[in-house]
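First comes the structure, then the notes that go with it.
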Amino acid sequence: MAKLKTWLLQRLWSAGENDPLSKVIEEQTEALQRYRETDRKSQQVHARLKGQLKAAKHQTSAYKREASEQRKENRQLQAELAALRSIIKSHQRILPKRGGEGSGENHEKLLAPKHHSRNERKAWSHWMRLGVLHQHPPRPFATPGPPRKPVAPASPTISIVTPSYQQAPFLEASLKSVIDQNYPKLEYIVMDGGSQDGSAEIIRQHAPHLVYWQSQKDGGHSAALIDGFSRSTGEIMAWLNSDDLYLPGVLAYVADYFRKHPEVDAVYGHRVLINEVGHEVGRWFLPPHDGTMLLWSDYIPQETWFWRRRIYEKCGGLDTTMRFSMDWDLLLRMQRAGAVFHRLPEFLGAFRVHEAQKSQAIINDVGAQDNALLRQRELGIHFHEADLQRRSTAFQLRALRTMRFWQLGIHSVRL
């Protein structure tokens, strides 16, 4: 057998390339090599596809987890939205059908409460009702301004900002109510939002009395105020809307009080209500300051409110997210920051009631949301409509007593 195998090998070797068997073996060898190369490439493709499939499965799992988390977050947001809608709905019943800055309550509902107690009838049957802007037929406006005070050398600088947009019919009266104060340490800034009704021309006429003014598109009421205040330096700050008025002698009176009472951070006073042509249609007599009542209702007339720069900076200034209740929000944050408030026993400003005013236009929707959020922030679950009605009635009774003392000439009395 070994000899046969040796003979075959010698025969193959001697046959060379012309031998048929040799050619068959060579062809089979090449075919085997091609098969192995194809198998190697197939395994590579298989491995690559397997890796891609594994990555796709991981990606799918990640997408499923992300979708699950998103559904969970959506459910949480829907629950929070439902809770917020419930809060707003509970507050809408007590929001005004007609109101204004410094008034956040539907006191018309209290004119005919469900339970007619003696105190409720006594509080809400009088013509002078806090929160109501049309209290009697129009009559000539007899200015009940504060007593005139001399301007001392140590009197503080007062910075006033007037935001305005499309208020040309009332703008000049508002500007003159500030300029005609003739207060020597006044920084007056007017921020117009790009009005197209001739407001810029009115402002330009009074430019010599202004430290800065502009008429261009801005980010809204709060943004305009923040921009204006950032350009001011006065120790005492305030803003006057372009349809409201300061009463004569107010700046000197307020400056004198702040100079004599360095511990006080903010002051405000009584309000006169006027219509489009400047006739009086009502008055608000404010009792002495009540910090607890401020948590429940914004009763402070914005156009009579002045404060020190130190408390404004301490509480962080105005909030641009508030479109209606930016004044109440700032008041609450000042109070939380430890501000000392004092209600001055005089009429300081006039609030104009007219159809086009911003507060009338947005109070039913934006005002409802702002006020609901502020009450939720300050009172939380402790807010109840019945408590608000009870507190509003007690506060209205104090306001009536304040009015009667004022009519007797007794302006400063602790109730």
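The values are calculated or read from the model by the stated rules, or taken from the named source; none is laboratory data. Here the structure is a predicted model, which means the values were calculated and not measured. Don't worry about glycine lacking a Cβ; one is built from the backbone with ideal geometry, like all the others, and counts go over all protein chains shown.
What strands (runs of 3 or more DSSP E), lying completely within segment 144-222, carry at least 1 residues that are touching a strand residue (DSSP E or B) at 6+ places or on another chain (Cβ under 8 Å) and free of Cβ contacts under 8 Å to residues at least 24 places away in the same chain? Write out each step before concluding.
Values: elements: 158-164, 186-192, 212-215.
Strands (runs of 3 or more DSSP E) meeting the threshold: 212-215.
Residue by residue through segment 224-268, note down the ones that are farther than 23 Å from P163 by Cβ, touching a Phe, Trp or Tyr at 6+ places or on another chain (Cβ under 7 Å) and assigned to a loop (DSSP other than H, G, I, E, B).
The answer is V264, and nothing else.
Can you tell me which residue is farthest from H126 (Cα to Cα) among those in segment 269-282 that are assigned to a strand (DSSP E or B), within 28 Å of the chain's Cα centre (by Cα) and not aliphatic (A, V, I, L, M)?
Among those that are assigned to a strand (DSSP E or B), within 28 Å of the chain's Cα centre (by Cα) and not aliphatic (A, V, I, L, M), it is G269.
Can you work out which of the residues in segment 276-305 that are of a type in the set (S, T, N, Q) and under 22 Å from F324 (Cβ atoms) is modelled with the lowest pLDDT? Walk me through how you get there before you give the answer.
So in segment 276-305, the residues of a type in the set (S, T, N, Q) come out as 292, 297, 302, 304.
Checking which are under 22 Å from F324 (Cβ atoms) leaves us with 297, 302, 304.
Values: S297: 90, Q302: 95, T304: 97.
The selected residue is S297.
Which number in (1) of a type outside the set (D, E); (2) under 19 Å from H354 (Cα atoms); (3) at pLDDT below 95 marks the one condition that N119 misses?
Here N119 clears every test but (2).
Among the candidates D192, D244, single out the residue that is closer than 19 Å to I158 by Cα and charged (D, E, K, R). Before you say what the answer is, go through the steps one by one.
Working: D192 fails: closer than 19 Å to I158 by Cα.
After applying the criteria, what remains is D244.
When you scan segment 170-191, do you find a residue that is surrounded by 15 or more Cβ atoms within 10 Å (Cβ to Cβ), more than 27 Å from L344 (Cβ to Cβ) and of a type outside the set (D, E, K, R), even just one?
Checking segment 170-191: not a single residue is surrounded by 15 or more Cβ atoms within 10 Å (Cβ to Cβ), more than 27 Å from L344 (Cβ to Cβ) and of a type outside the set (D, E, K, R).
Look at R259 and say whether it is within 19 Å of E187 (Cα to Cα) and either among the aromatic types (F, W, Y) or surrounded by 16 or more Cβ atoms within 10 Å (Cβ to Cβ) (or both).
On the way: within 19 Å of E187 (Cα to Cα): yes; either among the aromatic types (F, W, Y) or surrounded by 16 or more Cβ atoms within 10 Å (Cβ to Cβ) (or both): yes.
Taking the combined requirement at face value, the residue satisfies it.
Can you tell me which residue among E172, E263 is closer than 26 Å to K314 by Cβ and either at pLDDT 95 or above or touching a Leu at 6+ places or on another chain (Cβ under 6 Å) (or both)? Steps first, answer last, please.
Working: E172 fails: closer than 26 Å to K314 by Cβ.
E263 is the lone residue from the list that is closer than 26 Å to K314 by Cβ and either at pLDDT 95 or above or touching a Leu at 6+ places or on another chain (Cβ under 6 Å) (or both).
Any chance segment 215-238 includes a residue that's buried (at least 20 other Cβ atoms within 10 Å of the Cβ), of a type outside the set (D, E) and within 29 Å of Q396 (Cα to Cα)?
So far as segment 215-238 goes, yes, one or more of its residues are buried (at least 20 other Cβ atoms within 10 Å of the Cβ), of a type outside the set (D, E) and within 29 Å of Q396 (Cα to Cα).
Every residue in segment 277-292 that is buried (at least 16 other Cβ atoms within 10 Å of the Cβ) and either closer than 30 Å to P169 by Cβ or touching a Lys or Arg at 6+ places or on another chain (Cβ under 6 Å) (or both), please. Show your work before the answer.
At the first step, the residues of segment 277-292 found to be buried (at least 16 other Cβ atoms within 10 Å of the Cβ) are 280-287, 289-290.
Listed by number, the residues that qualify are E280, V281, G282, R283, W284, F285, L286, P287, H289.
So that you can scan it fast, the table gives a plain yes or no per residue for (1) assigned to a helix (DSSP H, G or I); (2) surrounded by fewer than 21 Cβ atoms within 10 Å (Cβ to Cβ); (3) at pLDDT 85 or above; (4) among the small types (G, A, S):
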residue: G317; (1), (2), (3), (4): no, yes, yes, yes
residue: L331; (1), (2), (3), (4): yes, no, yes, no
residue: H342; (1), (2), (3), (4): no, yes, yes, no
residue: E355; (1), (2), (3), (4): no, yes, no, no
residue: R390; (1), (2), (3), (4): yes, yes, yes, no
residue: Q396; (1), (2), (3), (4): yes, no, yes, no
residue: L415; (1), (2), (3), (4): no, yes, no, no
